[in-house]
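What follows is calculated from the coordinates using simple rules that are stated; it is not laboratory data. Computed from a prediction, not measured in an experiment: that's the story for all the values here. Because the Cβ atoms are built from the backbone with ideal geometry, glycine has one as well, and the counts that use them run over all protein chains shown.
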Amino acid sequence: MRVLITGITGFAGSHLVDYALSRRDVQVCGIQRWRSRTENIDHCLANFCMYECDVRDASSVRDVIEQVKPDWIFHLAAQSFVPTSWRAPTESLTTNILGELNVFEAVKKTGLRPRIQIAGSSEEYGMVYPNELPIKETNPLRPLSPYAVSKVAQDLLAYQYFMSFKLDVVRTRGFNHTGPRRPPVFVCSDFAKQIIDVEKGRRDPVMHVGNTDAVRDFTDVRDVVRGYWLALEKGKPGEVYNICSGNGWKISDVLEKLMELSGIRMKVVRDEARMRPSDVPILVGDYSKFKNETGWEPIIPFEQTLKDLLNFWREKS
């Protein structure tokens, strides 16, 4: 079986290629922009095929899909950092929506029939009210950032191409996920890196934070990419599935747990520059639909994920 992964150099993409390479009889191909950093996949670059491609370039995408002729496509390429979507909304909307559209059009025009996984986000749900928890796939979508709007558009575009052209698309809505290789602009990795910088004597014991009152549902990235795989192995065409742990963590509690695990105590200082124009108060999901149809459930405890994240920054620093 031939698998194509867009966004293979990114955080989740690098873990997905690790998982795919562990499977039998799977040939992995990936795409990267010419300026993409490969540090996340340097350990396995020799084990798969890489193609230069920008998902925003329709002809480039079509050329790669014609060459690879994939049986499965995991579409992970995206502008995935929420704050950036306020500073550069056009970039976020163009990359995320047109990138996906180019994949769909390439598949349609080449006449291939691959299964396609679209990596959506819990940010699509946006403003969730207390009586709507835990979040099911049937919850209303009330996006609160340009990034979230772009993911809603991806989600609905995938549904439309399934209904209109019978593309074999499976949509996943991944809730917050973290683990080794997570860039430090994301909250758990940011906290972990600041702690390790203190541990190594590179900074004073002062932790700069944004909104620590938000509640998020965290899953280990290695569990999430296993979910992506099962979505195409067992998921139904046209369907949408939550991938999450079902457990809510207040951000301040995540910080406290990281300090406890590291043995480093820090003064916590709120940084207004880290605050968002609008923030989602709580995102806690229900993955029962996905479990019932694929057998997936998270198996890596969040505490282990945080330990691995701290060790990642110890080894990287």
For the chain, build the charge dipole from Cβ charges (+1 Lys, Arg; -1 Asp, Glu) around the Cα centre, then report which of Val152, Pro134, Trp229 sits farthest towards its positive end. Trp229
DSSP beta bridges in the stretch 201-317 [antiparallel fraction, %, rounded to 5]: 25
I'm checking a number: the convex hull volume of the Cα atoms of the stretch 211-304, normalised per residue, in Å³. What is it? 116
The stretch 218-267 to the stretch 155-190: how many Å between their Cα centroids? 13
In debye, nearest 20: dipole of the stretch 146-251 around its Cα centre with unit charges on the Cβ of K, R (+) and D, E (-)? 180
Percentage of Cα-Cα pair distances in the stretch 249-301 greater than 17 Å, rounded to whole percent? 63
Förster radius 45 Å - calculated FRET efficiency between Leu112 and Asp279, Cβ distance, rounded to 0.05: 0.65
Mind putting a number on the dipole of the stretch 253-317 about its Cα centre? Charges go on the C-beta only, +1 for Lys and Arg and -1 for Asp and Glu, and I need it in Debye to the nearest 20. 260
Taking 8 Å as the Cα distance limit and 6 or more residues as the minimum spacing, I'd like the relative contact order of the chain as a percentage. 18
Which of the listed residues, Ser80, Val103, Phe48, is farthest toward the dipole's positive end in the stretch 24-107, when Lys, Arg count +1 and Asp, Glu count -1 at the beta-carbon? Ser80
Springs between alpha-carbon atoms under 10 Å, Gaussian network over the chain: tell me which of Lys267, Lys289, Lys250 tops the mean-square fluctuations. Lys267
The stretch 157-232: spread of alpha-carbon positions along the three principal axes, whole Å, largest first, is 57, 24, 17
Scaled radius of gyration (Cα, divided by 2.2 N^0.38 Å) that the stretch 61-152 gives: 1.26
So which residue, out of Glu123, Glu52, Glu137, gets the largest mean-square fluctuation from a GNM of the chain using Cα contacts under 10 Å as springs? Glu52
Given Lys69/Lys236; Lys200/Lys250; Lys236/Lys257; Lys136/Lys234; Lys166/Lys291, which pairs have Cα atoms separated by over 31 Å? Lys236/Lys257
Computed magnitude of the charge dipole of the stretch 121-207 (debye, nearest 20; Cβ of K, R +1, Cβ of D, E -1): 200
Run through all the Cα pairs of the stretch 82-201 and give the fraction in each 5 Å bin from 0, expressed as whole percent. 2, 10, 16, 17, 17, 15, 11, 6, 3, 2, 1, 0
Spin-label point model (7 Å from Cα, Cβ direction): what's the Phe186 to Val268 distance in nm? 2.2
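Tell me the relative contact order for the stretch 216-303 as a rounded percent, counting alpha carbon contacts under 8 Å between residues six or more apart.
53
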For a paramagnetic label modelled at 7 Å from the Cα of Phe165 toward its Cβ, which residues of the stretch 51-76 fall within the zone defined by backbone nitrogen distances under 19 Å? 54-76
With the chain treated as a Gaussian network of Cα nodes joined by springs under 10 Å, which of Asp54, Asp220, Asp197 yields the largest mean-square fluctuation? Asp197
Note to self, the chain gives a 222 nm [θ] from helices alone (DSSP H runs n ≥ 4, -39500 (n - 2.57) apiece, / all residues, nearest 500) of -12000 deg cm²/dmol
Tyr125: net charge of surrounding residues, Cβ under 14 Å, Lys/Arg +1, Asp/Glu -1, itself excluded? -2
If we count every other residue with Cβ under 11 angstrom of Val64's Cβ, Lys/Arg +1 and Asp/Glu -1, where does the sum land? -3
Subtracting the Cα-Cα distance from 0.36 nm times the residue separation, let me have the gained length for Ser317 to Lys289 in nm, one decimal. 6.0 nm
Would you kindly give the portion of the calculated P(r) for the stretch 7-111 that falls above 16 Å, as a percent of all Cα pairs? 58
